[in-house]
Each structure stands twice: as structure tokens, then as C-alpha cells.
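First the structure, in the form of C-alpha cells, and then the observations on it.
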Amino acid sequence: MKIIKPKTTAAALEPDMTPMIDMTFQLIAFFMVLLNFGEAEQDARIRLPSSQLAKPPETALENALVVQLTGDNQVLFSGELMPIAGLDEKLRREARFITLSGEKPEDATVILRADAESKTGVVQEVIQKCQENGFENFALRAKQEDEES
Amino acid sequence: MKLRHTASQAPEKVEIQMTPMIDIVFQLLIFFLFSFKIVTQEGDFNIRMPVAGPASSTSLQTDLPIKVRLTADGDGNLASIRMDDAVLPNFTALHEKVMSRVGTNAGPDATENNEAELDCDYNLKYRNVIGAVTAISGYVTPDGRIVKLIQKIKLSPPKKPEA
């Protein structure tokens, strides 16, 4: 049997792109909204301990500086990995900068993002170094989850 | 002057070139797809720890701080929990003990007046500190509300293990 192709015009072959473009824009909007540039401080090298009480703060902390501590007890500050001894100079500079901008280091908050496997003693040493440079407020950061144990 | 359409000029169908737009849109989509990462929400435990001095000793203290001692084994895992010289098996027991202690203090400022100090071994893994802070600072009710117990928590100064 011979199949006869129906005669089609050139216009009928044009696909309708509208639904695809609609969907693509929807996807872009979805990813744009979810993309959180503010969480750039989060470092993949640090696996935070989890706590069910760790709720995100309602208002952003003013004058906050983030000190991160890796699992092998190295300090990560301003994107720079250093031993704990190197933190002193950085903190002194931060304290001086805060003072020059008319604020007090006592009013600033040190956000401490320490790895769950890091030693408590090293965390205490970081706190001690911050205290020596005039910082008094600390925020121990934890993952918002149900506790593992 | 009156403009007149010429009868011989047929209206032309204007076709918009979609290809460059779709190219860009897909590029954007790929960019957002790759830069997207699922991040878990993070929260803070706020602690105020001024350098030990006259300021802290003159502050109004109605109760002695609750001392919690956490010891570590050789691997840094939690070996024991002590509170007020009582050995506790886990953080749940610590939480119950704190509840019984704070619960006896009547008054609206009960959570503000109580203070806890964590004395931990140098090698103890930090996750245990957060576990203890969670047990001390409050609990979540079944309807998801957070009830605060002790807000003033501090860590004792580091004690390096003797070599």
C-alpha cells in the first residue's frame, strides 16, 4: 500500500516555542530565588554540629565577623587558612578597624563556625584570643537539624 | 499632509529571532543550576564571655553557676558528664537535671538569673559541647515552640593536656 504524505505548508512545521520558554523562565526564577549569595561564608570544609535549638537569627547580626575552625584545627578567617597563632594579628586588625569606625569591639559579635570534629580546647583558645582583642559576644553556630544522637 | 497606504504594499509578517534569546536563557539556566546548592539552615547560640575580671564579679548573681564537666576519652569522644558532682549517663539526663534545677526557681527572670559554665577536656570533640549547650539552653515542645532554660552559658578557659 502506498502511503501518500499529506501536503503541508511551511508554516505548520514551526514548533510553538511559547510553553518551553515559559517553563525555562519559571526554572530560572526558581533557581534565582533559591540561590543564596548571603551564605557565601559557609565553607564546605566545615561540617557544623547539629542542634534542634539552633534557629536562624531573626535579624542579621551587626558588626559580625566569622571565625571558622576546620576539623584538623586550622583557622579559616577571611578566606585564609592559618594556624591558630596567626589569628591574633587578624583579630587585632579587625578590632582596630571597628574602633576606627566609631564602634566598640565589645559590641561586635564573633560568629564561631567550628567543625563538629574539632577539639573543644582549640575552640576555647579561639575564644580566648578574641577576648584578648576586646571581643565579648560570641555566636556558636550549629546546623539546624535533629540531633544525631 | 495626508499619508496614504499604497495598495500594492502587502503587510509583512514580522518574525522575531528567538534563537539568541533561547541561547541566553539556557545559559542563565545552566549558571543557576550549577551555582545552586542545598544549604541547611544555621542557627546561633549566643554567649557573652567578657574577660574574667571585676565586671563579671560585680554583676548581679542570685544563683551560683551550674557547673557542667565534660570529659573525653583518648579519641576525643564523650567519656562522662558531671553536673553538681553527679555523674550523668547522657545529655537527656543532663537536660532533665537542668530542668529540675531551673524549674525550682520561680519568677519571670529565672532563665536570666541562671548561669552555666561548661568545663570541657581539651581534646573533647566540639559536637559534644553543642550537645551540652542544647541540653542546657532549652528544649523544643511538640508544637515546635522553643522553651528557653538557661541563656547565660560560658566556656571555661582552655586547659592544655600535659604532654
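The values are calculated or read from the model by the stated rules, or taken from the named source; none is laboratory data. None of the values given here were measured: they were computed from a predicted structure. Positions of Cβ are backbone-derived with ideal geometry, glycine not excepted, and every protein chain shown enters the neighbour counts. Protein only, heavy atoms only, side chains kept; ligands, DNA and RNA dropped before computing areas. Shrake-Rupley method; radii C 1.70, N 1.55, O 1.52, S 1.80 Å.
Exactly one residue out of A:100, A:35 is open to solvent by 20 Å² or more (accessible area, probe 1.4 Å), farther than 27 Å from residue B:119 by Cβ and at the interface with chain B (Cβ under 10 Å from one of its Cβ atoms): that is A:35. Selection of segment A:117-149 for residues being in contact (Cβ under 8 Å) with a residue 60 or more places away in the chain and either under 16 Å from the mean Cα position of the chain (by Cα) or open to solvent by 10 Å² or more (accessible area, probe 1.4 Å) (or both) yields A:117, A:139, A:141, A:142, A:143, A:144, A:145, A:146, A:147, A:148.
Among the residues of segment B:11-27, the one identified as among the polar types (S, T, N, Q) and away from chain A (no Cβ under 11 Å) is B:17.
For residue A:60, indicate whether it is away from every other protein chain (no Cβ under 12 Å) and either assigned to a helix (DSSP H, G or I) or over 18 Å from residue A:128 (Cβ atoms) (or both). No, not satisfied.
Residue pairs whose Cβ atoms lie under 7 Å apart, sitting 6 or more positions apart in sequence or on different chains, and linking a residue in segment B:67-80 that is touching a residue at least 60 places away in the same chain (Cβ under 8 Å) to a partner that is small (Gly, Ala, Ser), are B:68/B:116; B:68/B:132; B:70/B:132.
Does residue A:47 satisfy the criteria of being over 22 Å from residue B:48 (Cα atoms) and either open to solvent by 70 Å² or more (accessible area, probe 1.4 Å) or within 8 Å of chain B (Cβ to nearest Cβ) (or both)? Here the answer is yes, as residue A:47 does meet what is asked.
Count of segment B:127-153 residues, restricted to those that are surrounded by fewer than 20 Cβ atoms within 10 Å (Cβ to Cβ), touching a residue at least 40 places away in the same chain (Cβ under 8 Å) and within 9 Å of another protein chain (Cβ to nearest Cβ), is 1.
Among the residues of segment B:102-114, those that are away from chain A (no Cβ under 14 Å) and either surrounded by fewer than 18 Cβ atoms within 10 Å (Cβ to Cβ) or at pLDDT 85 or above (or both) comprise B:103, B:104, B:105, B:106, B:107, B:108, B:109, B:110, B:112, B:113.
Of the strands (runs of 3 or more DSSP E) entirely within segment A:73-149, those holding at least 2 residues that are touching a Pro at 6+ places or on another chain (Cβ under 9 Å) occupy A:137-144.
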